[in-house]
Ligand code: DGL
C-alpha cells in the first residue's frame, strides 16, 4: 500500500487528488487526530509523532509513505530520511532504502515558480511551518527574485478539525489572517495554501478575498497542493520502478485514526464523497 499521513483531516485534500490521478493503487491513510494540531508543537514533538506514524505504516504494509502534512515535512522529514531510515529498512543492491518517505514542500515549491506575475508570493501555513522557514528557503533556491511573505494561521486547523469550516464563525479568522498578510505585502498575486487543512476552508478564503480586495485590484490566485503532490508522486513512481512494483494495485483505500472512528468517518466520508472504512489505532 501507499501510506498517506497527516496530523488529522488535512491530508485528505492530498489523498483525494492522489486517488483521482492514481486510482489503481491501494492506499492506507493515517490521521493523528487525537494529537492534532502539530503546527503549534515543538520540533522534537512533531519529529517523534511523525516517526511513530511512519513506523506504524511501514510495519502495516506500506513501502512508500507520503507526508501529506507541511508541518511534518518541514520539521521531521529530513532527519527521518537521513538518520532514521537507514536503521529502519533494508536496502536494495544499489544501497537505496527499500521503503521511502516523501514530503510535500519540495514539489510544491517547484510548481510555484512560473505562477506569480508580480514576483510576490504569500505563504499561509501553520506556526511550525512558518518558523521552520522551509518555504522561503526552498523558493529562493529556485528563484531568488521572488519575494515571499509568510503568515501563520493558527486558528484554521482547529476550525477544520472541529468541523466548523462552513460556520459563520470561521469568517472572522479567515478575514483576520488574510488582512494581515495582504497589509504586509499588497503586491502579492499568488497565495499558497501551505497547510493541507486549508483547502477545506477554500470557499471561505475565496469569499474573504472578494470582501477584502478593493475593486479593480489585480486578482490573487489561490494555490493548493493536492494536484501538485499527486503529479509529483506519479512522476516519482515512474522514475522508481523498484518501489513501484512493490505497491499493490487493488484500487482500495483504508483509513486509520488515533481519535474516534465515528467522528473520523462522519467528516471524512463527506469530504471523500464515499462511505469509508476506518479503524482506531494508538501510536
Ligand atoms: N495539515 C498539516 C500541515 O499541512 C498540519 C496541521 C496541524 O496539525 O497543525 O501543516
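Can you give the angle from 0 to 90° between the axis of helix 226-239 and the longest principal axis of the chain, with both taken from C-alpha atoms, to the nearest 10? In the chain, helix 226-239 runs at an angle near 40 degrees to the longest axis.
Taking 0.36 nm per residue of separation and subtracting the current Cα-Cα distance, fully stretching the chain between residue 96 and residue 42 would add 16.4 nm.
Between the Cα long axis of helix 202-212 and the first principal axis of the chain there is an angle of about 20°, rounded to the nearest 10. Applying 0.36 nm per residue to the separation of residue 83 and residue 275 and subtracting their alpha-carbon distance, the gain on full extension is 65.3 nm. Our helix-only sum for the chain, with -39,500 (n - 2.57) per DSSP H run of n ≥ 4 divided by its residues, gives a mean residue ellipticity at 222 nm of -12500 deg cm²/dmol. In the chain, the longest principal axis of the Cα atoms and the axis of helix 261-272 are about 60 degrees apart. Between 46, 91, 123, the GNM of the chain built on Cα springs shorter than 10 angstrom shows 91 fluctuating the most. Computing FRET efficiency as 1/(1 + (r/R0)^6) for residue 141 and residue 262, where r is the C-beta to C-beta distance and R0 is 45 Å, gives about 0.50. Note on residue 167 and residue 231: the extension gain reaches 19.8 nm, defined as 0.36 nm multiplied by sequence separation minus the Cα-Cα distance. Among 216, 113, 251, the largest mean-square fluctuation in a Gaussian network model of the chain (Cα springs under 10 Å) belongs to 216. Note on the chain: Kirkwood radius taken over Cα pairs, Stokes-Einstein applied at 37 °C and 0.692 mPa s, translational D equal to 171 µm² s⁻¹. DSSP beta bridges fully contained in the chain are about 5 percent antiparallel.
A short reminder: the numbers here are calculations on the coordinates, not readings from a lab. Just so you know, these numbers come straight off a predicted model, no measurement behind them. Cβ sites come from the backbone with ideal geometry, for glycine too, and all protein chains shown count toward neighbours.
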